[in-house]
Amino acid sequence: MAVTATGARTPFIAGNWKMNLDHLQAIAFVQKLAWSLKDARFDFDEVEVAVFPPFTDLRSVQTLISADKLSLRFGAQDVSAHDSGAYTGEISGAFLAALECGYVIIGHSERRTLHLETDEQVGAKAVAALKHGITPVICVGETADDLAEHGPSAVPVAQLTTALENVAAGAEIVVAYEPVWAIGSGQAATPEQAEQVAAALREVVRTRLGEDAASATRVLYGGSVKASNIASFMRQPNVDGALVGGASLNVEEFSSICRFKSHVGT
Ligand code: 13P
(Lines give C-alpha, C1' and ligand atoms only; values in the text may rest on other atoms or scores of the structure.)
Protein backbone atom coordinates (compact mmCIF):
# COMPACT_ATOMS: atom_id res chain seq x y z
CA MET A 1 0.00 0.00 0.00
CA ALA A 2 1.69 3.20 -1.17
CA VAL A 3 -0.40 5.57 0.98
CA THR A 4 -1.67 5.10 4.55
CA ALA A 5 -5.18 5.93 5.77
CA THR A 6 -3.89 9.38 6.79
CA GLY A 7 -2.65 10.08 3.27
CA ALA A 8 1.06 9.75 4.11
CA ARG A 9 3.32 7.77 1.81
CA THR A 10 4.36 4.42 3.32
CA PRO A 11 8.17 4.30 3.52
CA PHE A 12 9.65 1.63 1.27
CA ILE A 13 12.93 -0.18 1.93
CA ALA A 14 14.02 -2.29 -1.03
CA GLY A 15 16.96 -4.68 -1.22
CA ASN A 16 18.45 -5.12 -4.69
CA TRP A 17 20.49 -8.31 -4.43
CA LYS A 18 21.88 -7.89 -7.96
CA MET A 19 23.58 -11.16 -9.07
CA ASN A 20 24.05 -12.57 -5.56
CA LEU A 21 22.55 -15.53 -3.63
CA ASP A 22 21.25 -18.65 -5.36
CA HIS A 23 17.78 -20.03 -4.56
CA LEU A 24 18.95 -22.05 -1.54
CA GLN A 25 20.84 -19.07 -0.12
CA ALA A 26 17.78 -16.92 -0.84
CA ILE A 27 15.54 -19.15 1.26
CA ALA A 28 17.96 -19.04 4.20
CA PHE A 29 18.36 -15.27 3.86
CA VAL A 30 14.63 -14.51 3.75
CA GLN A 31 14.00 -16.77 6.75
CA LYS A 32 16.70 -15.02 8.77
CA LEU A 33 15.47 -11.58 7.74
CA ALA A 34 11.90 -12.46 8.72
CA TRP A 35 13.10 -13.72 12.14
CA SER A 36 15.24 -10.66 12.71
CA LEU A 37 12.35 -8.29 11.98
CA LYS A 38 9.91 -10.39 14.01
CA ASP A 39 12.29 -10.36 17.01
CA ALA A 40 12.39 -6.57 16.74
CA ARG A 41 8.55 -6.44 16.61
CA PHE A 42 8.78 -4.75 13.23
CA ASP A 43 5.52 -3.28 11.96
CA PHE A 44 5.16 -3.97 8.23
CA ASP A 45 2.17 -1.62 8.08
CA GLU A 46 4.48 1.26 8.96
CA VAL A 47 7.34 0.42 6.60
CA GLU A 48 7.11 -1.73 3.48
CA VAL A 49 10.07 -4.04 2.89
CA ALA A 50 10.85 -5.83 -0.38
CA VAL A 51 13.68 -7.99 -1.65
CA PHE A 52 14.71 -8.21 -5.31
CA PRO A 53 16.47 -11.55 -5.85
CA PRO A 54 17.76 -12.95 -9.17
CA PHE A 55 15.10 -14.51 -11.43
CA THR A 56 16.08 -18.07 -10.51
CA ASP A 57 15.28 -17.41 -6.82
CA LEU A 58 11.83 -15.93 -7.31
CA ARG A 59 9.81 -19.16 -7.15
CA SER A 60 11.57 -20.22 -3.93
CA VAL A 61 11.08 -16.81 -2.33
CA GLN A 62 7.43 -16.74 -3.37
CA THR A 63 6.80 -20.20 -1.94
CA LEU A 64 8.48 -19.36 1.38
CA ILE A 65 6.68 -16.03 1.79
CA SER A 66 3.34 -17.61 0.97
CA ALA A 67 3.82 -20.75 3.14
CA ASP A 68 5.05 -18.78 6.18
CA LYS A 69 2.59 -15.92 5.59
CA LEU A 70 5.42 -13.39 5.73
CA SER A 71 4.68 -9.71 5.18
CA LEU A 72 7.79 -9.21 3.08
CA ARG A 73 7.26 -8.18 -0.52
CA PHE A 74 9.42 -9.20 -3.44
CA GLY A 75 10.14 -8.33 -7.02
CA ALA A 76 12.39 -8.98 -10.01
CA GLN A 77 15.40 -7.01 -11.23
CA ASP A 78 14.27 -6.58 -14.84
CA VAL A 79 11.39 -7.37 -17.20
CA SER A 80 10.99 -7.69 -20.94
CA ALA A 81 9.10 -5.03 -22.84
CA HIS A 82 7.46 -7.94 -24.73
CA ASP A 83 4.80 -10.38 -23.54
CA SER A 84 6.07 -13.55 -25.26
CA GLY A 85 7.84 -14.78 -28.35
CA ALA A 86 11.32 -15.06 -29.83
CA TYR A 87 13.24 -13.08 -27.20
CA THR A 88 15.89 -15.50 -25.96
CA GLY A 89 16.89 -14.86 -22.38
CA GLU A 90 14.13 -12.36 -21.62
CA ILE A 91 11.45 -12.71 -18.94
CA SER A 92 7.83 -11.66 -19.53
CA GLY A 93 5.88 -9.53 -17.07
CA ALA A 94 3.16 -12.19 -17.37
CA PHE A 95 5.56 -14.75 -15.87
CA LEU A 96 6.51 -12.39 -13.04
CA ALA A 97 2.85 -11.69 -12.33
CA ALA A 98 2.20 -15.45 -12.18
CA LEU A 99 4.89 -15.61 -9.46
CA GLU A 100 3.10 -12.81 -7.54
CA CYS A 101 5.93 -10.32 -7.97
CA GLY A 102 4.64 -6.99 -6.68
CA TYR A 103 7.49 -4.97 -8.11
CA VAL A 104 10.16 -4.94 -10.77
CA ILE A 105 13.31 -2.80 -10.93
CA ILE A 106 13.65 -1.12 -14.31
CA GLY A 107 16.51 0.88 -15.79
CA HIS A 108 19.08 0.21 -13.09
CA SER A 109 22.34 1.98 -13.99
CA GLU A 110 24.04 -1.41 -14.41
CA ARG A 111 21.49 -2.30 -17.12
CA ARG A 112 21.88 1.10 -18.72
CA THR A 113 25.70 0.87 -18.72
CA LEU A 114 26.32 -2.84 -19.37
CA HIS A 115 23.28 -3.55 -21.58
CA LEU A 116 22.95 -0.11 -23.16
CA GLU A 117 19.32 0.31 -22.12
CA THR A 118 17.84 3.59 -23.27
CA ASP A 119 15.23 5.78 -21.59
CA GLU A 120 12.77 4.65 -24.30
CA GLN A 121 13.37 0.98 -23.44
CA VAL A 122 13.01 1.77 -19.76
CA GLY A 123 9.68 3.41 -20.57
CA ALA A 124 8.52 0.41 -22.62
CA LYS A 125 9.42 -1.94 -19.75
CA ALA A 126 7.54 0.25 -17.27
CA VAL A 127 4.46 0.06 -19.50
CA ALA A 128 4.86 -3.74 -19.74
CA ALA A 129 5.12 -4.10 -15.96
CA LEU A 130 2.03 -1.98 -15.35
CA LYS A 131 0.10 -3.95 -17.98
CA HIS A 132 0.66 -7.05 -15.84
CA GLY A 133 -0.23 -5.35 -12.56
CA ILE A 134 3.38 -5.03 -11.38
CA THR A 135 4.67 -1.75 -9.95
CA PRO A 136 7.81 -0.61 -11.78
CA VAL A 137 10.67 0.76 -9.67
CA ILE A 138 12.13 3.13 -12.26
CA CYS A 139 15.79 3.93 -11.64
CA VAL A 140 17.42 7.15 -12.74
CA GLY A 141 20.68 8.86 -11.84
CA GLU A 142 23.59 10.91 -13.09
CA THR A 143 27.22 9.89 -13.57
CA ALA A 144 30.08 11.83 -11.99
CA ASP A 145 30.66 13.56 -15.35
CA ASP A 146 26.96 14.48 -15.61
CA LEU A 147 27.14 15.89 -12.09
CA ALA A 148 30.15 18.05 -12.91
CA GLU A 149 28.63 19.23 -16.19
CA HIS A 150 24.91 19.61 -15.43
CA GLY A 151 24.48 19.46 -11.63
CA PRO A 152 22.54 16.70 -9.88
CA SER A 153 18.97 17.04 -11.20
CA ALA A 154 19.14 17.60 -14.96
CA VAL A 155 20.02 14.07 -16.12
CA PRO A 156 17.68 12.16 -13.73
CA VAL A 157 14.85 14.56 -14.62
CA ALA A 158 15.42 14.01 -18.36
CA GLN A 159 15.62 10.22 -17.89
CA LEU A 160 12.35 10.09 -15.95
CA THR A 161 10.57 12.48 -18.30
CA THR A 162 11.28 10.18 -21.27
CA ALA A 163 10.61 6.97 -19.33
CA LEU A 164 7.13 8.19 -18.34
CA GLU A 165 6.16 9.28 -21.85
CA ASN A 166 3.77 6.36 -22.43
CA VAL A 167 2.83 5.62 -18.82
CA ALA A 168 -0.84 6.33 -18.13
CA ALA A 169 -1.81 9.20 -15.83
CA GLY A 170 -2.42 8.00 -12.27
CA ALA A 171 -0.29 4.84 -12.66
CA GLU A 172 1.33 3.46 -9.51
CA ILE A 173 5.09 3.65 -9.88
CA VAL A 174 8.12 3.93 -7.60
CA VAL A 175 11.05 6.13 -8.60
CA ALA A 176 14.59 5.38 -7.42
CA TYR A 177 17.19 8.13 -7.59
CA GLU A 178 20.57 6.41 -7.73
CA PRO A 179 23.53 8.63 -8.57
CA VAL A 180 25.86 6.33 -10.52
CA TRP A 181 28.92 7.65 -8.67
CA ALA A 182 27.35 6.70 -5.32
CA ILE A 183 26.55 3.07 -6.25
CA GLY A 184 28.89 0.62 -4.56
CA SER A 185 31.43 3.40 -3.92
CA GLY A 186 30.90 3.92 -0.20
CA GLN A 187 30.34 7.59 -1.02
CA ALA A 188 26.63 8.33 -0.65
CA ALA A 189 25.02 11.55 -1.85
CA THR A 190 24.32 14.07 0.86
CA PRO A 191 20.76 13.96 2.22
CA GLU A 192 20.30 17.52 0.89
CA GLN A 193 21.24 16.46 -2.65
CA ALA A 194 18.97 13.42 -2.45
CA GLU A 195 16.13 15.69 -1.32
CA GLN A 196 16.78 18.22 -4.09
CA VAL A 197 16.68 15.57 -6.81
CA ALA A 198 13.76 13.67 -5.23
CA ALA A 199 11.72 16.90 -5.22
CA ALA A 200 12.59 17.53 -8.88
CA LEU A 201 11.60 13.94 -9.79
CA ARG A 202 8.29 14.34 -7.96
CA GLU A 203 7.65 17.38 -10.17
CA VAL A 204 8.20 15.19 -13.25
CA VAL A 205 5.65 12.71 -11.88
CA ARG A 206 3.25 15.61 -11.28
CA THR A 207 3.62 16.87 -14.84
CA ARG A 208 3.43 13.44 -16.47
CA LEU A 209 1.05 11.46 -14.24
CA GLY A 210 -0.91 14.10 -12.35
CA GLU A 211 -1.32 15.50 -8.86
CA ASP A 212 -2.60 12.33 -7.16
CA ALA A 213 0.25 10.24 -8.54
CA ALA A 214 2.76 12.90 -7.48
CA SER A 215 1.61 12.80 -3.87
CA ALA A 216 1.33 8.99 -3.77
CA THR A 217 4.57 8.04 -5.59
CA ARG A 218 7.41 6.86 -3.39
CA VAL A 219 10.77 8.33 -4.40
CA LEU A 220 13.69 6.28 -3.09
CA TYR A 221 17.33 7.17 -2.71
CA GLY A 222 19.97 4.55 -3.58
CA GLY A 223 23.76 4.53 -3.49
CA SER A 224 25.88 3.38 -0.54
CA VAL A 225 22.92 3.32 1.88
CA LYS A 226 23.81 1.72 5.22
CA ALA A 227 22.29 1.42 8.67
CA SER A 228 24.45 4.34 9.75
CA ASN A 229 23.17 6.82 7.12
CA ILE A 230 19.59 5.70 6.38
CA ALA A 231 18.08 7.97 9.05
CA SER A 232 19.55 11.10 7.48
CA PHE A 233 17.88 10.27 4.16
CA MET A 234 14.56 9.32 5.73
CA ARG A 235 14.35 12.73 7.42
CA GLN A 236 14.03 14.38 3.99
CA PRO A 237 10.42 15.18 3.06
CA ASN A 238 10.65 13.93 -0.54
CA VAL A 239 12.71 10.81 0.16
CA ASP A 240 10.34 7.94 0.94
CA GLY A 241 12.74 5.05 1.21
CA ALA A 242 15.89 3.45 -0.10
CA LEU A 243 17.04 1.05 -2.79
CA VAL A 244 19.87 -0.78 -1.06
CA GLY A 245 22.53 -2.84 -2.84
CA GLY A 246 25.52 -4.20 -0.92
CA ALA A 247 24.04 -3.61 2.53
CA SER A 248 20.91 -5.59 1.60
CA LEU A 249 23.01 -8.79 1.49
CA ASN A 250 23.74 -8.72 5.21
CA VAL A 251 20.70 -9.74 7.27
CA GLU A 252 21.53 -7.67 10.37
CA GLU A 253 22.52 -4.60 8.40
CA PHE A 254 19.43 -4.72 6.16
CA SER A 255 17.17 -5.43 9.14
CA SER A 256 18.63 -2.36 10.87
CA ILE A 257 18.01 -0.24 7.75
CA CYS A 258 14.37 -1.43 7.74
CA ARG A 259 14.14 -0.33 11.41
CA PHE A 260 15.31 3.21 10.60
CA LYS A 261 12.40 4.57 12.66
CA SER A 262 14.15 3.42 15.80
CA HIS A 263 17.23 5.49 14.93
CA VAL A 264 15.69 8.26 12.86
CA GLY A 265 16.25 10.75 15.66
CA THR A 266 19.91 9.82 16.06
P1 13P B 1 24.93 0.01 -3.14
O2 13P B 1 23.93 0.15 -2.01
O3 13P B 1 25.76 -1.21 -3.05
O4 13P B 1 25.68 1.28 -3.34
O5 13P B 1 24.05 -0.21 -4.48
C6 13P B 1 22.99 0.62 -4.74
C7 13P B 1 22.20 0.03 -5.85
O8 13P B 1 22.66 -0.05 -6.98
C9 13P B 1 20.86 -0.46 -5.55
O10 13P B 1 20.14 -0.71 -6.69
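The values are calculated or read from the model by the stated rules, or taken from the named source; none is laboratory data. Small disclaimer: the values here were computed from a predicted structure and weren't measured. Glycine gets a Cβ as well: all are built from the backbone with ideal geometry, and neighbour counts include every protein chain shown. These accessible areas exclude ligands, DNA and RNA; they are computed on the full protein's heavy atoms, side chains included. Shrake-Rupley method; radii C 1.70, N 1.55, O 1.52, S 1.80 Å.
With unit charges on the beta carbons (Lys and Arg positive, Asp and Glu negative) and the dipole taken about the Cα centre of segment 81-224, which residue among THR88, ILE138, GLY222 sits farthest to the positive side?
Farthest towards the positive end: THR88.
Quick check: net charge around GLY210, other residues with Cβ under 15 Å of its Cβ, Lys/Arg +1 and Asp/Glu -1?
-2
Residues with amide H under 5 Å of LEU220's amide H, sequence separation 5 or more or different chain, H placed in the peptide plane at 1.01 Å from N; which?
For LEU220, whose amide H was placed from the backbone, the distant partners under 5 Å are VAL175, ALA176, TYR177, ASP240.
Taking 1 over the mean of 1/r across every pair of different Cα atoms in segment 94-213, what Kirkwood radius in Å do you get?
Result for segment 94-213, one decimal place: 14.6 Å.
Can you tell me which of 171-179, 148-156 comes out highest on packing, and rank the rest after it, using the mean Cβ neighbours within 10 Å?
So the order, starting with the most tightly packed, is 171-179, 148-156.
Let me check something: with ligands and nucleic acids excluded, how do PHE55, PHE12 order by accessible area (1.4 Å probe), largest to smallest?
Reading off the accessible areas and sorting them downward yields PHE55, PHE12.
What is the sum of charges, Lys and Arg at +1 and Asp and Glu at -1, for the other residues whose Cβ falls under 10 Å from the Cβ of VAL180?
Taking every other residue near VAL180 into account, the sum is -4.
For a quick size check, give me the Cα extents of segment 146-258 along its three principal axes, largest first, whole Å.
Taking max minus min along each principal axis of the Cα atoms, segment 146-258 gives 39, 32, 22 Å.
At 0.36 nm per residue, and after removing the present C-alpha to C-alpha distance, how many nm does the segment from ALA40 to LEU24 gain when stretched out fully?
3.3 nm
Taking the Cα centroid of segment 3-73 and of segment 195-265, what is the distance between the two, rounded to the nearest whole Å?
16
Can you pull the accessible area of THR113 for me, 1.4 Å probe, Å² to the nearest 10?
Here the residue's solvent-accessible area equals roughly 90 Å².
Which of the listed residues, SER153, ALA129, ASN250, is farthest toward the dipole's positive end in segment 112-266, when Lys, Arg count +1 and Asp, Glu count -1 at the beta-carbon?
Ranked along the dipole, the leading option is ASN250.
Based on the inverse mean of 1/r over its pairs of different Cα atoms, what is the Kirkwood hydrodynamic radius of the chain, in Å?
Computed over Cα pairs of the chain, the Kirkwood hydrodynamic radius comes out at 18.3 Å.
What does the helix-only formula give at 222 nm for the chain: each DSSP H stretch with n ≥ 4 adding -39500 (n - 2.57), the total divided by the residues, and the result rounded to the nearest 500 deg cm²/dmol?
Rounded to the nearest 500, the figure is -11500 deg cm²/dmol.
Report the convex hull volume per residue for segment 7-87, counting only C-alpha atoms, in Å³.
127
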